[in-house]
1. Arrange the following residues from fewest to most other Cβ atoms within 10 Å of their Cβ: Phe141, Phe148, Phe105, Phe48.
2. Can you give me the angle between helix 38-74 and the longest principal axis of the chain, using Cα atoms only, in degrees from 0 to 90, rounded to the nearest 10?
3. Starting from 0.36 nm per residue, how many nanometres of slack lie between Ala107 and Arg92 once their C-alpha separation is accounted for?
4. Just check region 37-148 against the gyration tensor rule for me: Cα atoms, a ≥ b ≥ c as the square roots of the eigenvalues, rounded for a/c under 1.5, and otherwise prolate or oblate depending on whether a/b exceeds b/c.
5. Can you tell me which of Leu49, Leu98, Leu126 moves the most in a GNM of the chain? Springs connect C-alpha atoms under 10 Å apart.
6. Show me, for region 117-129, the HN-Hα J-couplings you get by feeding each phi into the Karplus relation (A = 6.51, B = -1.76, C = 1.60, θ = phi - 60°), rounded to Hz, glycine and proline as x.
7. If you take the beta carbon distance between Leu17 and Ile50 as r and set R0 to 22 Å, what does 1/(1 + (r/R0)^6) give as a FRET efficiency, to the nearest 0.05?
8. Would you look at the GNM of the chain, springs on alpha carbons closer than 10 Å, and say which of Ser119, Ser55, Ser37 moves the most?
Amino acid sequence: MSYQERRALVAIFGTILISGGYAAYMLPRQPNGDAYSPEVFRFWGTYFLILIVVSIIVRIVISIAFSIINVIATREKEPGLTDERDHLIELRSNRYGLYIFALGFVAAMAALAMGNPPSTMFLLMLLGGIGSELVSDISEFIFYRRGF
């Protein structure tokens, strides 16, 4: 397994770990009552802002830990240069991830247009964001595994 494949697998598991752990911690704290109360909007605003910060910090820690463990286990260093194939794989996987994000955004807006509460919209946007990361990382792994 190449370095890029291992890095993509670590990113997949990191996304699942961060998203699942944070959701398990925060979603039970969602306020009950009126779906249009200021507390609901405050909860979701706080949820997304804290998720962004936590995600960035944990991803940096995971990336550093992966680099250290990879060097210890395989005795190979991180590739310094990327070639055209690496750029193409990154662009294609990002494109697929953006498709999923756009689909999640449209689904969230459609849910609002159909009269669903704002919590449904926020959940669909959250699922679209997490799904886009997963699709991007999975497609990157598949492209490297396939050789393109």
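All of the numbers you see were taken from the coordinates with simple rules; none came from a lab. Bear in mind that the values here come from a model prediction, so they are computed numbers and not experimental data. Positions of Cβ are backbone-derived with ideal geometry, glycine not excepted, and every protein chain shown enters the neighbour counts.
1. Sorted ascending by nearby Cβ count, the order is Phe148, Phe48, Phe105, Phe141.
2. 10 degrees
3. In short, 3.1 nm is gained.
4. Verdict is oblate for region 37-148.
5. Leu49
6. These are the phi-based 3J(HN,Hα) values: x, x, 4, 5, 4, 5, 5, 5, 5, 5, 5, x, x Hz.
7. 0.85
8. Greatest mean-square fluctuation among the candidates belongs to Ser37.
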